[in-house]
Structure formats: structure tokens, C-alpha cells
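K.L.:
Pasting in a structure now, in C-alpha cells, and then I'll have a few things to ask.
The values are calculated or read from the model by the stated rules, or taken from the named source; none is laboratory data. All values derive from a computational prediction rather than experimental measurement. Don't worry about glycine lacking a Cβ; one is built from the backbone with ideal geometry, like all the others, and counts go over all protein chains shown. Please note that ligands, DNA and RNA were not included when accessible areas were found on the heavy atoms of the full protein model with its side chains. Shrake-Rupley method; radii C 1.70, N 1.55, O 1.52, S 1.80 Å.
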Amino acid sequence: MSERGDEAMFGSIEAGGTKFVCAIATEELEIMERVSFPTTTPKETMTKVLEFFKPYEESLKGIGIGSFGPIDIQRESPLYGYITSTPKLAWQNFDFVGTVKEVFAIPVAWTTDVNAAAYGEYVFGNGQGCSSVVYYTIGTGIGGGAMQNGRFIEGFSHPEMGHMLVNRHEKDNYEGNCPFHKCCLEGMASGPAIEKRSGKKGQDLNEEDEQWELEAYYLAQCAYNTTLMLSPDVIIFGGGVMKQRQVLKKTKEVFKELLNDYVEVPELDRYLVVPKLEDNAGTYGCLALAKEQQLHS
Ligand code: ADP
Ligand code: ZN
């Protein structure tokens, strides 16, 4: 497909640990084309990414990037736009924004993959009309992004909510998968944690498997901590593991028990939800951020 005359277009780069998803959309954020590449080395993967956008160069007005991290988001930092201390060695200290800007001299929005997904849900999904939205992805890793009044919550860096500490379930002997903390949320409840504990991938486990009781116990603690720290309007759980819909139901039950009516929360079926945009939350978030960025620069 080639560029469409003088119509403005926006690009999205969702950079995940296993794959990159790139998309191009019209000004109305209607997606025209979307591709996916495996995450290998920056040289190999980024060559494919940049080649994908090249035919649209004339019309491209902004690109939004939602990246796995940790990433540097401090505008005044010399490493702004870099992926920093990731365990994926080939991507450590990779100048992501600089590499894109070298080829496309246009505004580039830069945030975490989960912030991008939170933004997508805020603009088009289950966070619409909310002033405060939290998004977690429960996949190969666990990450969280939070928004308040249209802005991401951040300070010296972006949040790393996926590494909150959790209490181990009394029936759980698994030590935890996180190389930094062992028994943190990611260590106990990510896809690889389920696989190491049970010997099977989550997608191959029965709906009744006892893993899901453990999973719900950890996600309920996550919802509990998030509720008491941020009192958001909605908490959205996405990622591969949440394809097990029984997990969300159990999570709500355990959450209610943990909270023990200490605070009054929104009705649980509206408060603890899966993404309305399903797997597209990140792409739409990147596109919306690209468009915003273009308006502000
Ligand atoms: P990533 O985090 O790599 O971007 P995903 O969000 O799909 O990708 O997460 C992948 C993880 O989710 C894997 O550990 C996989 O076993 C697990 N997973 C994927 N699909 C399911 C499913 N239907 N049920 C349970 N776990 C799943
Ligand atoms: Zn951890």
C-alpha cells in the first residue's frame, strides 16, 4: 500500500519483548495497515520497522511508541528515548526515539507499553469518560500504567507496578520467577510463573486448574493495593493470561474479601474489567498519543 496523497497519517510502534506491532492510521485513527515482527536485535527489528513506515513518509505527521522497559522518559535526561536496563541484553541502552527520528523528522511520543494501552482504553475503551485509569498487562511479564486527568502518573521514572510485593498463597510452594524479587506480582502471576509452577503453559491448563485460584489470589492483591493507593475509576487487566476469563471472576471474589468493605468501590463488573479494545489497546493508544504529540509540538 502506498501513501494517500496529502492526508495526514499517524504511526504506532508497540515494542514488546516477543514481538513488535506497527500500524499506520488516518487522521481519524482508522488503521490502514498493520504488521508484526519478532523482537530480535535492534538492528534487525528496527530496519523492518522503519521500512514499514517509509512508503508513508510524505503523509506521516507523528509516531507513537509504547515500549517494553525500563525506559528513560525524563525529557532533560541525555538518555531520554532510550530503553535502559532491560534484561534483553541486545536492547540495553538502545536509543529508540533517536533511531526513529534519524529517519523521520516528525514528533515522536514515547512511553511504556502499558501506558500506551492505558491511553488506548482511556480514549476508546473501558476508560472512556474516566478521570483515573489503571491498566495492567498479565503476560510474559507484568506491567502497569496509570493515568490521572489525561496524563500519565510518573515521577523520577515511570511506575513499575508489576513488581509490587504480594503475599504468597498458603497452598503455593513456588518460590517465584522474578530475578530481582522472587515473590513479587510478576514473579508469582506472570505467564512464565504459571508455566514454571505447573509445568504447563497457561493456555494448556484446564479452566478448573488450581493455578487459577492462585492467580486470582495474586491479582486480587494487585487490585487491592491499586485501589487503596490510587482509588482509580477503573482497573483494566489485559495480556495473554487474562484470556482465561474465569480468572477475572475469581479475582473479583477474592478482592471483595480482601477489601472487607473498608472503602466503597464502584460496582465490580465496571471496576475490574478486561480491555474493551482487547489486543488493540496499545496500538490505539500509540496512535492517539502520536496525534496528540503532533498537536502540541
Ligand atoms: P507478551 O506479554 O509476550 O506481549 P502475551 O500477553 O500474549 O504476550 O503473554 C504471553 C504469556 O501469556 C505466555 O506466558 C502465555 O503462556 C500466556 N498465555 C497466552 N495465552 C494464554 C491463555 N489463553 N491462557 C493462559 N495463559 C495464556
Ligand atoms: Zn519483581
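K.L.:
Yes or no: Val134 more than 16 Å from ligand 1 (Cβ to nearest atom), assigned by the TED database to the domain that holds Phe237 and touching a residue at least 24 places away in the same chain (Cβ under 8 Å)? Break it down stepwise before answering.
P.N.:
On the way: more than 16 Å from ligand 1 (Cβ to nearest atom): yes; assigned by the TED database to the domain that holds Phe237: yes; touching a residue at least 24 places away in the same chain (Cβ under 8 Å): yes.
Criteria met by Val134.
K.L.:
Quick one: Ala146 ticks every box in (1) crowded, with 22+ Cβ neighbours inside 10 Å; (2) within 16 Å of ligand 2 (Cβ to nearest atom) except a single one, so which number is it?
P.N.:
Among (1) crowded, with 22+ Cβ neighbours inside 10 Å; (2) within 16 Å of ligand 2 (Cβ to nearest atom), the lone unmet condition for Ala146 is (2).
K.L.:
Let me ask something additional. If I filter the range 207-222 for residues that are of a type in the set (Gly, Ala, Ser), within 16 Å of Lys243 (Cα to Cα), in contact with a helix residue (DSSP H, G or I) (Cβ under 8 Å, 6 or more places away or on another chain) and assigned by the TED database to the domain that holds Gln244, do I get at least one hit?
P.N.:
Yes, the range 207-222 contains a residue that is of a type in the set (Gly, Ala, Ser), within 16 Å of Lys243 (Cα to Cα), in contact with a helix residue (DSSP H, G or I) (Cβ under 8 Å, 6 or more places away or on another chain) and assigned by the TED database to the domain that holds Gln244.
K.L.:
List pairs: first in the range 214-229 and at pLDDT 95 or above, second of a type in the set (Asp, Glu), Cβ under 6 Å, 6+ apart or cross-chain?
P.N.:
Close Cβ pairs (under 6 Å, with a partner that is of a type in the set (Asp, Glu)) amount to Leu214/Asp172.
K.L.:
Considering each residue of the range 121-138, count those that are open to solvent by less than 40 Å² (accessible area, probe 1.4 Å) and over 13 Å from Val274 (Cβ atoms), and give that number.
P.N.:
4
K.L.:
Would it be correct to say that Lys250 is assigned to a helix (DSSP H, G or I), of a type in the set (Lys, Arg) and surrounded by fewer than 17 Cβ atoms within 10 Å (Cβ to Cβ)? Even if it seems obvious, please write down each step before you answer.
P.N.:
Numbers: assigned to a helix (DSSP H, G or I): yes; of a type in the set (Lys, Arg): yes; surrounded by fewer than 17 Cβ atoms within 10 Å (Cβ to Cβ): no.
No.
K.L.:
Which is touching a helix residue (DSSP H, G or I) at 6+ places or on another chain (Cβ under 8 Å) and more than 15 Å from Gly144 (Cβ to Cβ), of Gly199, Gly187, Gly176? Walk me through it before giving the result.
P.N.:
Working: Gly199 fails: touching a helix residue (DSSP H, G or I) at 6+ places or on another chain (Cβ under 8 Å); Gly187 fails: more than 15 Å from Gly144 (Cβ to Cβ).
The unique qualifying residue is Gly176.
K.L.:
Can you name the strands (runs of 3 or more DSSP E) wholly within the range 1-88 that have at least 1 residues being open to solvent by less than 30 Å² (accessible area, probe 1.4 Å) and among the hydroxyl-bearing types (Ser, Thr, Tyr)?
P.N.:
9-15, 19-26, 60-67
K.L.:
Quick one: in the range 81-127, which of the residues that are acidic (Asp, Glu) and more than 16 Å from ligand 1 (Cβ to nearest atom) is nearest to Leu50 (Cα to Cα)? Lay out the reasoning, then the answer.
P.N.:
Start the filter on the range 81-127 by keeping residues that are acidic (Asp, Glu), which leaves 95, 102, 113, 121.
Then drop every residue that is not more than 16 Å from ligand 1 (Cβ to nearest atom), which leaves 95, 102.
On the way: Asp95: 14, Glu102: 10 Å.
Filtering the range 81-127 for residues that are acidic (Asp, Glu) and more than 16 Å from ligand 1 (Cβ to nearest atom), the one nearest to Leu50 (Cα to Cα) comes out as Glu102.
K.L.:
Within the range 97-114, can one find any residue that is in contact with a Ser or Thr (Cβ under 9 Å, 6 or more places away or on another chain), buried (at least 22 other Cβ atoms within 10 Å of the Cβ) and within 14 Å of Glu215 (Cα to Cα)?
P.N.:
Taking every residue of the range 97-114 in turn, none turns out to be in contact with a Ser or Thr (Cβ under 9 Å, 6 or more places away or on another chain), buried (at least 22 other Cβ atoms within 10 Å of the Cβ) and within 14 Å of Glu215 (Cα to Cα).
K.L.:
Continuing with the same structure: Given the conditions (1) out of contact with any helix residue (DSSP H, G or I) (no Cβ under 7 Å at 6 or more places or on another chain); (2) more than 16 Å from ligand 2 (Cβ to nearest atom); (3) in a loop (DSSP other than H, G, I, E, B), and given that His169 satisfies all but one, which numbered condition is not satisfied?
P.N.:
Looking at each condition in turn, His169 falls short on (1).
K.L.:
Here are some residues: Phe156, Phe152. Which one is hydrophobic (A, V, I, L, M, F, W, C) and at pLDDT below 95? Explain how you work it out, then say what you get.
P.N.:
Working: Phe152 fails: at pLDDT below 95.
Only one candidate passes the filter, namely Phe156.
K.L.:
Output the qualifying pairs, or none if there are none: Cβ atoms under 9 angstrom, residues six or more apart or on different chains, first residue in the range 176-188 and of a type in the set (Phe, Trp, Tyr), second residue away from ligand 1 (no atom under 13 Å from the Cβ).
P.N.:
Hits for this filter: Phe180/His163; Phe180/Gly187.
K.L.:
Checking the condition small (Gly, Ala, Ser), touching a Pro at 6+ places or on another chain (Cβ under 6 Å) and in the same structural domain as Phe96 (by the TED database), which residue from Ser36, Ser67, Ser85 passes? Talk me through it step by step, then tell me what you get.
P.N.:
Details: Ser36 fails: touching a Pro at 6+ places or on another chain (Cβ under 6 Å); Ser67 fails: touching a Pro at 6+ places or on another chain (Cβ under 6 Å).
It is Ser85.
K.L.:
Can you say whether Pro266 is part of a loop (DSSP other than H, G, I, E, B), within 13 Å of ligand 1 (Cβ to nearest atom) and within 24 Å of Ala118 (Cα to Cα), as far as the supplied structure shows? If you could, list the steps in order and put the result at the bottom.
P.N.:
On the way: part of a loop (DSSP other than H, G, I, E, B): yes; within 13 Å of ligand 1 (Cβ to nearest atom): no; within 24 Å of Ala118 (Cα to Cα): yes.
Answer is no for this residue.
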